[in-house]
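What follows is a set of notes on a single structure, which appears directly below.
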Amino acid sequence: MFVSDFILPNDSAFIRRSEPLFWRASLALFCGAFVTFANLYSTQALLPLLAKKFSISPAAASLSLSVATIALAVSLLFTPSLSDRLGRKSVMLSSLALTSLLGFAVTFAEHYSLLLLLRALQGASLAGLASIAMTYVSEEFSNDCRTLAMGLYVSGTAVGGMTGRIITGSLTEYYGWETALQVLAFVSLICTLLFAFMLPQSKHFSVRTFSIQGLLKGFGYHLKQPDQLGRFIHGFLLMGGLVSLYNYVGFRLSTAPYLLGESQIGWLFSIYLLGIFSSTWLGSKADRHGHRKVLLYSIAMMLIAVLLSLSPNLLLLILSLGLFTFGFFGAHSIVSSWTGLVAKSYKAQASALYLLFYYVGSSVMGVVGGYFWSHWYWPGVVALVTGLVLVSGFIAWMSPKEA
């Protein structure tokens, strides 16, 4: 633990909302988030095609997404300490550049095993921005705009995640999967250059020597704090709910009475665009009215939405997905910002732990949701997600009120 962890610089040194630098830095983080999440989910729309090209099962094809997510989650444990040593911007920039280059390399893989290796390396490189962007925001932005800045970053994750699934799939239909991923890699390089030129260097960063003992001490510091642990659990529960809902709504809509095609179901991910607005708008509200209060409203939206999804009416089902997505991205923006705000020490490790819980929730609850779907179909999925949201709501309700 260092004295510098507890001494905050004069507030005038922080990036303020009234300054042009706020929008420049926020746009840079938006570009970084876009690159990270567009590439993470880039193969999800291509799974049937990959299964056919490499003569593999659908389950094996899904590994192209799973290995990237697993590598990302594991790397989150180490990249914060790397940034403590080398600096926030340098690690984030290296992450984006390597991710873009690996995006090109994936398209030249002639064997599926090589493609999986490249996707795993790409997933590991993605952690360089995913784990550190939250830390950068908590260190460099002033209190009155920190949650708004995090909201703009989260909106970039929404746009990137949507692009990785939908736009790549659309390009594949006309030009082939290799060209589609090469276009995405080229766009990623452009965004990386914008990130390099627009993001200011850290002013509140102090170098810390890497050590395993220090790394474990940082993780233990946060895990021993009940309120901070609750925020990590929010990430697990809420992301688990979102993934479960979207994973199995496609199965529901492909059967009677809906009988929607794969392309129509794929465009449901355009609902993620609501996350651009909600993450920023609700994040701004949290800055003014308090994180706990606005988080409870966001969770209430998610609860209402998942119950509405029981309706057999297609329009109402789509609206319920929209409301759930709106609430989720608002909650994610608020909790991720709150995590960094209260971390007086080991800020990078706090961000890493939140994201680790977030991605583990995605992996675990996505699989558990399959069990509920297999046994009880959509009502089972709704019951699972309702339970996750209720537990998250209880944790938020029990958290201390802000002064």
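The per residue volume of the convex hull around the alpha-carbon atoms of segment 280-353 is 87 Å³.
Residue-wise HN-Hα couplings along segment 137-145, as the Karplus relation 6.51 cos²θ - 1.76 cosθ + 1.60 with θ = phi - 60° gives them from phi, are 4, 5, 8, 9, 9, 6, 4, 6, 9 Hz; Gly and Pro carry x. In order along segment 217-229, the phi-based Karplus estimate (6.51 cos²θ - 1.76 cosθ + 1.60, θ = phi - 60°) of 3J(HN,Hα) comes to 5, x, 5, x, 4, 7, 5, 7, 9, x, 5, 5, 4 Hz; Gly and Pro are listed as x.
Magnitude of the charge dipole for segment 214-403, about its Cα centre and with charges confined to Cβ atoms of Lys, Arg (+1) and Asp, Glu (-1), is about 600 debye.
Please express the shape of segment 214-403 as an equivalent ellipsoid: the semi-axes are the square roots of 5 times the eigenvalues of the C-alpha gyration tensor, given largest first in whole angstrom.
Largest first, segment 214-403 gives 31, 18, 14 Å.
Once backbone amide H atoms are built at 1.01 Å from N, ILE15 has PHE141, SER142 as its partners under 5 Å, excluding neighbours fewer than 5 places away on the same chain. Taking all Cα pairs closer than 8 Å and separated by 6 or more residues, the relative contact order of the chain comes to 25 percent.
Normalising the average separation of contacting C-alpha pairs (under 8 angstrom, six or more residues apart) by the number of residues puts the relative contact order of segment 15-199 at 42 percent. If R0 is 22 Å, what FRET efficiency do you get for SER363 and PHE277 from their C-beta distance, rounded to 0.05? Given R0 = 22 Å and the Cβ-Cβ separation, E is 0.20. Hey, how much of the P(r) for segment 94-248 falls beyond 22 Å, as a percent of Cα pairs? Cα-Cα pairs of segment 94-248 separated by over 22 Å account for 56 percent. Considering all different alpha carbon pairs of segment 27-137, the Kirkwood hydrodynamic radius works out to 14.2 Å. Taking max minus min of the alpha-carbon positions on each principal axis, the chain gives extents of 61, 47, 40 Å, largest first. Which percent of the Cα-Cα distances in segment 232-332 go past 25 Å? The answer is 21 percent, as a whole percent. Listed as lacking a disulfide-compatible partner in the chain: CYS145, by the criterion of no other cysteine Cβ under 4.7 Å.
Look at the dipole of the chain built from charges on Cβ: of LEU129, GLN213, LEU308, the Cα furthest out on the positive end belongs to GLN213.
GLN201: net charge of surrounding residues, Cβ under 10 Å, Lys/Arg +1, Asp/Glu -1, itself excluded?
Numbers: positive: ARG88, LYS89, LYS203; negative: GLU140.
Value of the local net charge: +2.
Here the peptides 373-384, 120-131 are ranked by packing, the mean other Cβ count within 10 Å, and the order with the highest first is 120-131, 373-384. Under Stokes-Einstein, with the Kirkwood radius over Cα pairs as Rh, the value for segment 15-199 at 25 °C and 0.890 mPa s is 148 µm²/s.
As a check on your grasp of the helix formula, calculate [θ] at 222 nm for the chain: sum -39500 (n - 2.57) over DSSP H runs of n ≥ 4, divide by the residue count, round to the nearest 500. Calculated at 222 nm, the ellipticity per residue is -26000 deg cm²/dmol.
Label reach from LEU223 (point 7 Å along Cα→C-beta): in segment 125-159, amide nitrogens under 20 Å belong to 131-132. For segment 21-90, a Kirkwood hydrodynamic radius built from all Cα pairs, placed in the Stokes-Einstein relation at 37 °C and 0.692 mPa s, yields a translational diffusion coefficient of 227 µm²/s. Electrostatic tally near TRP177: other residues with Cβ closer than 14 Å to its Cβ, Lys and Arg +1, Asp and Glu -1, net +1. Residue separation of PHE186 and MET398 scaled by 0.36 nm, minus their Cα-Cα distance, works out to 71.7 nm of gained length.
In percent, how large is the relative contact order of segment 103-220, given Cα pairs closer than 8 Å and 6 or more residues apart? Could the numbers behind the result be given before it?
Numbers: 43 pairs, mean separation 37.8, N = 118.
32 percent.
Only Lys, Arg, Asp and Glu carry charge here, each on its Cβ (+1 for the first two, -1 for the last two); on that basis segment 15-199 has a dipole of about 80 debye about its Cα centre.
Bear in mind these aren't lab numbers, they're just calculated from the coordinates by the rules spelled out. Note that this is a predicted model, so its numbers are computed, not measured. Cβ sites come from the backbone with ideal geometry, for glycine too, and all protein chains shown count toward neighbours.
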